[in-house]
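The values are calculated or read from the model by the stated rules, or taken from the named source; none is laboratory data. Owing to the predicted nature of the structure, the values given are computational and were not obtained by experimental measurement. Neighbour counts are summed over all protein chains in view; Cβ atoms, including those assigned to glycine, are modelled from backbone coordinates with ideal geometry. Calculation scope for accessible area: heavy atoms of the full protein, side chains included, ligands and nucleic acids excluded. Shrake-Rupley method; radii C 1.70, N 1.55, O 1.52, S 1.80 Å.
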Amino acid sequence: MPTTASLHDLEALLRDDVPYGDLTTDALGIGAEPGQMHFAARDQMVLALVEDAAALIELSGCRVELLVASGMVLEKGAPILRAHGPAAALLRSWKVAQTLIEIWSGVATEAAAIVRAARAVTPGIAVACTRKNVPGTKHFAVAAVKAGGAVMHRLGLSETVLVFPEHRALLGDASLADIVERLRQSAPEKRLVIEVSTVEQAVAAASAGFEVIQAEKFAPADIEALVRRIGAMAALRMRPIVAAAGGVNVQNAAAYAAAGADLLVTSAPYQARPRDVQVRIARASVP
């Protein structure tokens with residue numbers, strides 16, 4: 001089954017939780033007992049990282065039957081996976097696999113809710129999640145965002161150009177046109193993005209040739225005004241993309257879409273509550 005994490009990543013997760021064996025299981029002397037484990041959705045959720053959870057359980061020494069796939073919408077009570085194996089292997093993998101699904105299904109579920117709210121107004125509008133995820137978990141974050149039907153805004157600093165006010169503060173008196181020229185020479189294949197905090201800054205950036213205007217913490221009314229202003233700029237060779245960013249969430253996504261934003265940029269899914277997964281472990285009958 002395709003997984004997000006490498007074998008090394010999954011081994012590291014298990015090693016972090018069980019570095020020197022399972023003291024309780026070993027002390028009870030039940031490690032070799034045959035067992036079975038069932039995962040089911042206790043909440044409605046958009047499922048994420050289930051393939052990684054299954055691989056992690058298998059890595060512990062169990063057989064896993066995966067019943068659903070990441071990206072599926074599960075109702076309360078829906079079965080997720082079944083596993084069979086010695087009690088030591090089941091108990092070693094139980095909490096790590098459960099937590100993996102719970103945390104990242106929370107991210108996927110919230111991402112899906114924002115996408116759904118925005119597309120109810122503007123079908124096809126994209127929702128992009130930022131790189132402000134927990135350091136060291138990017139591969140999981142990306143998979144969860146995609147499971148929720150959103151896309152990644154930036155994977156990191158290496159592959160995208162985004163000029164922040166902090167960059168401009170270090171550039172001295174360089175004009176926007178000079179900045180665009182410098183970027184076109186240094187990164188000719190990249191789309192040029194700039195973050196702005198006012199409509200006037202956005203209009204100036206569009207005039208200078210930036211291709212994406214990231215409107216930071218604009219109210220929906222300001223996004224609407226910006227879209228109108230840019231639409232009236234006859235001298236533009238190409239209309240820039242207007243991205244609403246900063247504070248975008250499920251409550252206001254529809255308003256930003258209705259205001260005319262081409263893209264919604266959000267970090268909100270990373271603060272979502274985990275979705276609850278029920279786990280049942282029992283002794284397996286021996287034929």
Per DSSP, the loop-located trypsin sites (Lys or Arg not before Pro) within region 198-287 having at most 16 other beta carbons within 10 Å are Lys217, Arg237
Stretched fully, the stretch from Ala284 through Leu23 gains (0.36 nm per residue minus C-alpha distance, one decimal, in nm) 91.8 nm
Amide H proximity to Gln44 below 5 Å, modelled H, separation 5+ or other chain, gives Lys76
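Just want to confirm a number: the relative contact order over the chain, from Cα pairs under 8 angstrom separated by 6+ residues, in percent. Before the final figure, lay out the partial values.
Details: 561 pairs, mean separation 66.4, N = 287.
Computed over the chain, the figure is 23 percent.
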Taking max minus min of the Cα coordinates of region 120-163 on each principal axis, largest first, gives extents in Å of 34, 26, 13
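Averaging sequence separations of C-alpha pairs under 8 Å and six or more residues apart, then dividing by the length of region 236-287, give the relative contact order as a whole percent. Kindly include the intermediate steps, with their values, before the conclusion.
Numbers: 35 pairs, mean separation 18.3, N = 52.
Across region 236-287, relative contact order equals 35 percent.
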Among beta bridges assigned by DSSP with both residues in the chain, the antiparallel ones amount in percent, to the nearest 5, to 50
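Using only the Cα atoms, work out Rg/Rh for the chain, with Rh taken as the Kirkwood radius, to two decimals.
Numbers: Rg = 23.7 Å, Rh = 21.2 Å.
For the chain, the value is 1.11.
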Long-range amide H partners of Gly247, meaning residues 5 or more apart or on another chain whose placed amide H is closer than 5 Å, are Ser267
Region 1-76 -> Rg/Rh from Cα coords, Kirkwood Rh, value 1.01
Gyration tensor on Cα atoms of region 1-45, a ≥ b ≥ c root eigenvalues, a/c under 1.5 rounded, else prolate if a/b beats b/c, else oblate, says oblate
Applying the gyration tensor rule to the Cα atoms of region 137-250 (axes a ≥ b ≥ c; rounded if a/c under 1.5, else prolate if a/b exceeds b/c, else oblate), the class is oblate
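What does the accessible area per residue of region 91-240 come to in Å², with a 1.4 Å probe and no ligands, DNA or RNA counted?
Details: 7690 Å² over 150 residues.
Solvent-accessible surface per residue comes out at 51 Å².
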Amide H neighbours of Met152 at under 5 Å, excluding residues fewer than 5 places away on the same chain, with H built from the backbone geometry, are Cys129
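What relative contact order, as a whole-number percentage, does region 1-144 give when Cα pairs under 8 Å and 6 or more residues apart are counted? Present the calculation step by step, with values, prior to reporting the outcome.
Details: 221 pairs, mean separation 41.5, N = 144.
This gives 29 percent for region 1-144.
For region 37-161, what class follows from the C-alpha gyration tensor (a ≥ b ≥ c being the square roots of its eigenvalues): rounded when a/c is under 1.5, otherwise prolate if a/b is larger than b/c, else oblate? Present the calculation step by step, with values, prior to reporting the outcome.
Working: a/c = 3.13, a/b = 1.63, b/c = 1.92.
Oblate, because a/c is 1.5 or more while a/b does not exceed b/c.
With r as the distance between the Cβ atoms of Ala232 and Arg184 and R0 = 41 Å, compute the FRET efficiency 1/(1 + (r/R0)^6) and round to 0.05. All intermediate terms of the calculation are to be shown ahead of the outcome.
Working: r = 25 Å, r/R0 = 0.62.
Rounded to the nearest 0.05, the efficiency is 0.95.
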The answer for the longest stretch of the chain without any exposed GluC sites (Glu not before Pro) (DSSP loop, at most 15 further Cβ atoms within 10 Å) is 190-287
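Using a probe of 1.4 angstrom, how much of the accessible area of the chain is carbon and sulfur, in percent?
Working: 7850 of 14360 Å².
The nonpolar share, carbon plus sulfur, comes to 55 percent.
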Region 185-227, convex hull of Cα, quarter of hull surface, nm² -> 3.1
One point scatterer per Cα, no solvent, Debye formula: log10 I(q)/I(0) for region 98-193 at q = 0.19, 0.21, 0.26 Å⁻¹ comes out as -0.93, -1.01, -1.25
Out of Pro165, Pro274, Pro86, a Gaussian network model of the chain with alpha-carbon springs under 10 Å gives the largest mean-square fluctuation to Pro165
